[in-house]
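Just below is one structure, and these are the notes that go with it.
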Amino acid sequence: MDISISYQLLLLLFVVALLAGFIDSIAGGGGLLTVPALLAVGIAPQAALATNKLQSCGGSFSASWYFIRRRMVNLSEMKLSILLAFVGSALGTLLVLHIQSDFLRVLLPILTISVGLYFLFCPKIGEHDRQRRLSEAQFAIVAAMVVGFYDGFFGPGAGSFYALAYVTLAGFNLTKATAHTKVLNFTSNIAGLLFFVFSGQVLWTIGLTMLVGQVIGARIGAKMVLSKGKKLIRPMLIIVSTVMSLKLIGENFF
């Protein structure tokens, strides 16, 4: 599936994806830019969600690969979380292809503003590693699979929810949580993408162009995570969560 689009609009979508990849690799929420941009150029909603999954895979893979190469992530320790994030996202995507997800649009602003308020009023959270509250297996079931399902079913803010889970349930500092978040984000993105591909909804020319922008933006953002650490991640999480909440409240109630 594909549609014709001018080179000017394609360039604009590339720039939007680059910025979204930068934001996503630090705090999540890049979909707030890319999905409205895709809709604005005349793409149907389901095709916009499908194409967004394709381009977001580029950003999450780029950031994940960077963190893995820098040994911030040990994939062997994440095997179960990766598996269950994939399963959860696949189930969520199958569900969204068959039912409306409007009720989540009402719930999401409450969830995202809660993430922002948590990091705003708990300034010491995420500064250092803490004792785990859940084992890796428990975390995989309670957090990875649930957020993965949400990512496949709806999507916006999944990175923030993964990061919050790693900080509160796994005891990770913010930098370590962000690195692990990108791996699960890529996992749930690729699972969702596979099902959208089978449904024939992906616009390949647009998606691949934006994917390149995502890769570049995500690499820049990932480098800044390691160099700036919590000084960058905490305010970005708060800002992104607040902006997401205000935008979704405005869309649903005004």
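The values are calculated or read from the model by the stated rules, or taken from the named source; none is laboratory data. Predicted model only: the values in this text are computed from it and were never measured. Cβ sites come from the backbone with ideal geometry, for glycine too, and all protein chains shown count toward neighbours. Surface accessibility is based on the protein's heavy atoms, side chains included, excluding ligands, DNA and RNA. Shrake-Rupley method; radii C 1.70, N 1.55, O 1.52, S 1.80 Å.
Considering the range 30-51, and only residues there that are touching a Ser or Thr at 6+ places or on another chain (Cβ under 8 Å) and at pLDDT 80 or above, the residue that is nearest to residue 194 (Cα to Cα) turns out to be 50. In the set (1) under 17 Å from residue 204 (Cβ atoms); (2) of a type in the set (A, V, I, L, M); (3) surrounded by fewer than 24 Cβ atoms within 10 Å (Cβ to Cβ), the condition left unmet by residue 50 is number (3).
Residue 133 falls short on exactly one of the conditions (1) of a type in the set (D, E, K, R); (2) touching a residue at least 40 places away in the same chain (Cβ under 8 Å); (3) over 17 Å from residue 218 (Cβ atoms), and that condition is (2).
Would you pick out the residues in the range 161-179 that are under 26 Å from residue 196 (Cα atoms) and either open to solvent by 10 Å² or more (accessible area, probe 1.4 Å) or not in a helix (DSSP H, G or I) (or both)? Matches in the range 161-179: 161 only.
Under the condition of being open to solvent by less than 50 Å² (accessible area, probe 1.4 Å), in a helix (DSSP H, G or I), small (Gly, Ala, Ser) and modelled with pLDDT under 85, the residues counted in the range 200-234 number 0.
Tell me the residue from 27, 90, 85 that is of a type outside the set (Lys, Arg), surrounded by 24 or more Cβ atoms within 10 Å (Cβ to Cβ) and at pLDDT 90 or above, please.
Exactly one residue qualifies, and that residue is 85.
For residue 71, the conditions (1) basic (Lys, Arg); (2) more than 18 Å from the chain's Cα centre (by Cα); (3) assigned to a helix (DSSP H, G or I) are fulfilled apart from (3). Here 144, 158 are screened, and the one residue that is open to solvent by less than 10 Å² (accessible area, probe 1.4 Å) and modelled with pLDDT of 95 or more is 144. Take the residues in the range 35-47 that are open to solvent by 20 Å² or more (accessible area, probe 1.4 Å), of a type in the set (A, V, I, L, M) and not in a helix (DSSP H, G or I); name whichever of them is nearest to residue 19 (Cα to Cα). Among those that are open to solvent by 20 Å² or more (accessible area, probe 1.4 Å), of a type in the set (A, V, I, L, M) and not in a helix (DSSP H, G or I), it is 41. Among residues of the range 61-73 being farther than 14 Å from residue 177 by Cα and in contact with a helix residue (DSSP H, G or I) (Cβ under 6 Å, 6 or more places away or on another chain), the one that is least open to solvent (accessible area, probe 1.4 Å) is 62.
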